[in-house]
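In what follows, a structure is listed as structure tokens, so that the remarks can point back to it.
The values are calculated or read from the model by the stated rules, or taken from the named source; none is laboratory data. Computed from a prediction, not measured in an experiment: that's the story for all the values here. Don't worry about glycine lacking a Cβ; one is built from the backbone with ideal geometry, like all the others, and counts go over all protein chains shown. Note: accessible area is taken over every heavy atom of the protein model, side chains too, but ligands, DNA and RNA are not part of it. Shrake-Rupley method; radii C 1.70, N 1.55, O 1.52, S 1.80 Å.
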Amino acid sequence: MEKLFVRFATATAKVAGKPWTFIACVGIVMIWALSGPIFKFNETWQLVINTGTTIITFLMVFLIQNTQNRDGAAMQAKLDELLFAQRNANRRFIGIEHLTEEELDAILEEVEERGLALHREGPKRRKGASQGEVEAAQPKKAQPAGRQSRARA
């Protein structure tokens, strides 16, 4: 059942994102609007478009959210693998999507500070820093609790 839903959600998200789908929806709205005089703009005429768009929007939210959740998880797994594969990478970043908002904010602040420092140093920054220099430059204070054992596995 889950694989069927995944295939359906993925296909629906792909179709929904195509330009011709948008054009088809505009066409449906135009036909509805042009049919207004025929139905004398009555409540049933209005109810048709309101009900149709509400149902489609409600269902699309869940399908697109499912697709985005899977895409996000796949992206995180790929990034984690890249971090794991890099010898000089700070492996504490592996799995940080599971941290609290406060822990993520602390890490982001440290990374931004390092980035600003690099920009201030400009072109005089040395390429090919040694392993010790790279490790010394890594921030230490926001190490997620319980992840220290994985930090340099």
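Numerical summary
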| quantity | calculated |
| --- | --- |
| Residue match in segment 93-109 (condition: surrounded by fewer than 15 Cβ atoms within 10 Å (Cβ to Cβ), modelled with pLDDT of 85 or more and hydrophobic (A, V, I, L, M, F, W, C)) | yes |
| Near pairs, Cβ below 7 angstrom, 6+ apart or cross-chain, from segment 56-84 (more than 10 Å from Ala9 (Cβ to Cβ)) to any residue that is outside any helix (DSSP H, G or I) and open to solvent by less than 60 Å² (accessible area, probe 1.4 Å) | Asp80/Ile94; Asp80/Gly95; Leu83/Ala89; Leu83/Ile94; Phe84/Ile94 |
| Some residue of segment 48-62 being open to solvent by less than 70 Å² (accessible area, probe 1.4 Å) and within 25 Å of the chain's Cα centre (by Cα) | yes |
